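The block underneath contains the structure these notes are about, expressed in structure tokens.
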Amino acid sequence: MDGKRDDGGAVTWKVGRLAEASGLTVRTLHHWDEIGLLSPSSRSAGGHREYTGDDLGRLYAVLALRSLGLGLETIAVCLDAGVEPGRLVRDHLAGVDAEIAALGALRERLVRLGEELAAEREPDAADLLGALRAIGSAGPEGREVLGRHLDADQLTVLRARGAALGPAAHYLLDVEWPELYRRAEALRAGGVPPGDSRVRRIAARMDELSALFSGGDAGISAGVRAAWRDDPAAMSGEPAAPVGEWRDLADYLDRARS
């Protein structure tokens with residue numbers, strides 16, 4: 001990808017050249033500039049906006065995250081939060097390795113239990129306890145709370161939808177969703193009424209994310225919201241989560257929806 005050097009000696013690219021080299025359209029780059037996702041940060045001597053090496057790095061990150069199925073708004077949140085595509089791969093790999101290790105340990109214990117039962121021997125207590133611990137650690141954080149609000153079929157849908165999203169699920173749950181809550185809480189604490197368009201947009205995006213994991217099942221979405229209201233510490237994985245503030249925020253967002 002050839003660019004030209006500006007007065008300071010740095011290489012820059014005009015929008016048409018960058019579109020050609022990246023396989024995008026000029027219209028797409030202009031749109032990304034308008035929404036603040038990717039804006040050229042240099043100007044030519046004639047005042048024309050041009051892309052720098054740093055802009056190309058951000059473009060690479062945008063395309064990498066988009067290839068994982070993330071929407072533009074989610075990508076913007078990820079990048080503004082300082083998330084790099086390389087971290088996505090590392091985090092996903094670490095999660096897969098942890099799951100493989102946990103399943104391997106559970107398999108070994110189950111094999112031993114099966115052998116004991118096949119030989120009509122009383123299973124060793126240590127093996128039984130180990131199997132129970134492995135089974136207990138295999139579920140997602142907050143599964144016990146979810147189990148009070150969702151039935152087995154609904155929990156299966158949640159797991160299947162999350163698995164289908166792959167690594168994108170990590171960013172939706174750990175990056176975008178918390179950021180949406182932070183924005184909503186800032187508006188609530190600032191006295192912005194729930195009917196304000198900013199609050200309604202946040203609530204609508206939360207509902208979009210919820211639909212990704214629930215498959216559009218209103219019962220599942222309602223159950224998940226009830227679980228968060230019931231025990232936000234368990235659902236968020238933060239023991240010190242302020243229950244009162246979570247519930248006030250949940251009420252605030254419900255009023256925005258209505």
Could we say that GLY47 is outside the structural domain of ARG205 (by TED's automatic domain parsing) and assigned to a loop (DSSP other than H, G, I, E, B) here? yes
Of everything in region 1-44 that's of a type in the set (Ser, Thr, Tyr) and assigned to a helix (DSSP H, G or I), which residue is modelled with the highest pLDDT? THR28
Could you check region 141-195 and list, in sequence order, the residues that are surrounded by fewer than 18 Cβ atoms within 10 Å (Cβ to Cβ), of a type in the set (D, E, K, R), more than 15 Å from the chain's Cα centre (by Cα) and modelled with pLDDT of 80 or more? ARG148, ASP151, ASP153, ARG183, GLU185
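The values are calculated or read from the model by the stated rules, or taken from the named source; none is laboratory data. Quick caveat, the model's predicted, so the values are computed rather than measured. Heads up, the Cβs are rebuilt from the backbone with ideal geometry, glycines too, and the neighbour counts pull from every protein chain shown.
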